[in-house]
1. Expressed as a rounded percentage, what relative contact order does segment A:3-130 have, with Cα pairs under 8 Å and six or more residues apart?
2. Relative contact order for chain A using alpha-carbon pairs under 8 Å, separation at least 6, rounded to a whole percent?
3. Can you list the residues of segment B:1-21 with backbone N under 20 Å from a point 7 Å past the Cα of B:ALA259, pointing along Cα to Cβ?
4. Rule-of-thumb check for segment A:37-151: C-alpha Rg over 2.2 N^0.38 Å?
5. Let me know the Rg and Dmax you get for segment A:133-242 when you use only its Cα atoms, in Å.
6. Of the options B:GLY156, B:VAL106, B:LEU39, report the single residue whose Cα projects farthest towards the positive end of the charge dipole of segment B:3-179 (beta-carbon charges: Lys, Arg +1; Asp, Glu -1).
7. What list do you get for A:SER136, B:SER346 if you sort them by fewest beta carbons within 10 Å?
8. Report the gain in length on full extension from A:ASP233 to A:THR152: 0.36 nm times residue separation, minus Cα-Cα distance, nm rounded to one decimal.
Amino acid sequence: MTGDRFRFPKVEFGPEERALREEVRDFIREERASGGFTPMADSWGSGWSPEWSRKMGARGWLGMMWPKQYGGGEKPALHRYIVTEEMVSAGAPCAAHWVADRQSGPLLLRYGAEEQRRSILPRIAAGECYFAIGMSEPDSGSDLASVRTTATKVDGGWTINGRKIWSSGAHRSHYMIALVRTSPRDMKARHAGLTQFLIDLKAPGIEIRGIRNIAGERHFNETVFDDAFVPDDMVIGEAGDGWRQVTSELAIERSGPERFLSTFPVLTELVRELGPEPGERDAETVGALAARTMALRRMSLGISRLLDEGEAPEVAAALVKDLGTCFEGELVREARNLLPATAASQSPDLYGKVLADGVLHVPSSTIRGGTNEVLKGIVARELGLR
Amino acid sequence: MSDRIVLDTAERILADLCPPEAVNDAETGVWPAALWEALEESGLTLAWVREELGGGGAETGDGFGILKAAGAWAVPAPLAETLLAGWLLEQGGLAAPGGPMTVAPVGPADAVALEDGVLSGTARQVPFARQAGHVALLAAGRILLVEREACALAPGTSLAGEARDDIALDGVRPLRSAPAPEGLDRDRLTLVGAAVRAAQMAGALSRLLDQSVQYAQEREQFGRPIGRFQAVQHALAELAGEAAAAEAAADAAGEAVAAGDFGPAGVAAIAAAKARAGEAASKGAAIAHQVHGAMGFTYEHSLHHRTRRLWCWRDEFGNERVWSVRLGRLIAAEGADALWPFVTGSHAA
Ligand SMILES: Cc1cc2nc3c(=O)[nH]c(=O)nc-3n(C[C@H](O)[C@H](O)[C@H](O)COP(=O)(O)OP(=O)(O)OC[C@H]3O[C@@H](n4cnc5c(N)ncnc54)[C@H](O)[C@@H]3O)c2cc1C
């Protein structure tokens, strides 16, 4: 079966997992009742709330898989999956800690120096320390290996020059992990000579310029490095090993519930609007969208299980992200066909509001984290076509 | 029998005895005798019947593995139907006869009555009725075994060229009869049938992917394999996604049936599987045909062995619309705040 190429093993939840899920649901329900948050689409990308992040940290829901000595909970990946899928499906504001908890922390844990881990990981786990991703550049998008920002060796460290772009939340983050060229480009070894640096965004020589997105939010930035000095101990892993590190990061970045649930709050509010006895056509659309969600979830959960087993299912993750992010857009399109609602951010009803979030953010789903064309290329390579 | 052995046995037999020629021959009315004999001898046809009742006594989940293999190889015989018939007989504690069987009624509108031990009514579009020795029936709250020869038969054909015959049951006396257990009604039979077809579709899609990838690697145009063109690569990546989604959905349905879960969570899993696999069948078959060009549109090429079966199976035991509406209604009845718990199979009710 396809299982021979792409394996999505079954995941079963034990009593501990069920209890955790209930605990998260209780928390969300209470917060919702007391006005702690209003559901939004793309809540993990756009819902920036340090307060929310600290609350999650206090409950032990960040850095869940990390060793206790670094503030973690030593839980399996499945536990983090449960917490994140509950948060994203509810539309809770998780953007502040998202990158740090999902990928920067694990990256430091794997490749970082002991001092970096000791000083930073506990703060991420507490929901107090936020990260930006410094991969893309003005002239390097899909072709990430072409990055031009350089680090030059100087006494005791490196000086960085160049520009990173689209760095989400950099203006509100403490650190950036940047992929930087440490030896000149070699067209024969495109992936060589890249290094990841841990960069303190408050350091001199760094300017962060905001870029407004189409929703009017200051979401991402251009980060300019002008002879910014970075000490030696801020190199992550091995100098020159950046490409391998960055690709392992992408496997976790691409397979989570945020890759198919970003617009789920639209479906929830749609069901509310349609009421307990919808017409046949309405029921059909709701059912079809739920059926797609269920299949995607099973696939995505399967990947979480593989990660727990120590595998790096990069291709399966690309497959799920392609399918899942397309679905996020389909959900919004099909919801629109059912009700004569006007999507508007200031809409008095929640449906009009989450629909507006959905419409305005959906174009980014199939771009961020690798475009769907790039993802399909990864799948095609696995199929033996390239 | 254990998991791996069952599936390995099925794969081996199908690889040996279910070549494209056998599938073509079957469409002209030739019974695939060698294939059937091998399947039956290894206990695969009655995998869902416990050993005391004459069956192979496999785990229900393994039966779904057999069904995926059957879909992958386009088995032109009532393997799925015999499995399903066995499952039905087993529910009534009835011993299963040997040979090919089928199940009726499969259409929601078919009315079959039983009075003083005599049947009346017509079951429509019964799969493989012509080739079946026996029919397992669910009528009047009873599970019945009927000799197919005793029924009048009006032949019909599916999109895949397989028998879908109407059988008139008037005056027929069942060979065996038992009361259906609590909860086993037409709806439950349809649910299990839908899960069966979803598994077959998942298997067929997976092979459709392999077949299409292979074709794209072999067929050359503009001096290179067409699989080198990005448009073709992306189409096949999409097919891979549809195949994987169908399989994930079908596996969840199979697990619900294996666990005997026909409550809201089980019904949701089965409804989602039939709807999602049906959607994947439509999208996947279209992509496979596009990639194969005119060659795939010929009877000569075996692509249609799977695509026509996919088009047939997506309709049977309820098409995507039927199951989406059912799932949508279930969700609406539970309400918006139960939607997410419902999707995760962890709602309270
Ligand atoms: C909301 C948002 C947040 C982001 N956050 C971050 C962040 O925090 N940090 C960061 O580093 N980056 C971030 N990004 C950037 C993101 O990773 C890039 O946008 C992405 O990798 C694509 O690069 P690009 O935008 O330059 O598009 P391009 O690479 O210029 O692509 C444009 C189009 O051409 C297509 N294309 C390109 N190459 C090929 C090819 N070989 N074959 C077929 N089609 C091709 C693409 O698929 C796309 O459709 C973010 C992006 C968004 C939208």
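Computed from the coordinates by the stated procedures, all read-outs in this text should not be read as laboratory data. Here the structure is a predicted model, which means the values were calculated and not measured. Methodologically, a virtual Cβ is constructed for each residue, glycine included, from the backbone with ideal geometry; neighbour enumeration extends over all protein chains shown.
1. 32
2. It rounds to 17 percent for chain A.
3. In segment B:1-21, the label zone of B:ALA259 (backbone N under 20 Å from the point 7 Å along Cα→Cβ) covers B:3.
4. 1.13
5. 13.6, 44
6. B:VAL106
7. Going from sparsest to densest Cβ surroundings: B:SER346, A:SER136.
8. Taking 0.36 nm per residue and subtracting the Cα distance, the gain is 27.7 nm.
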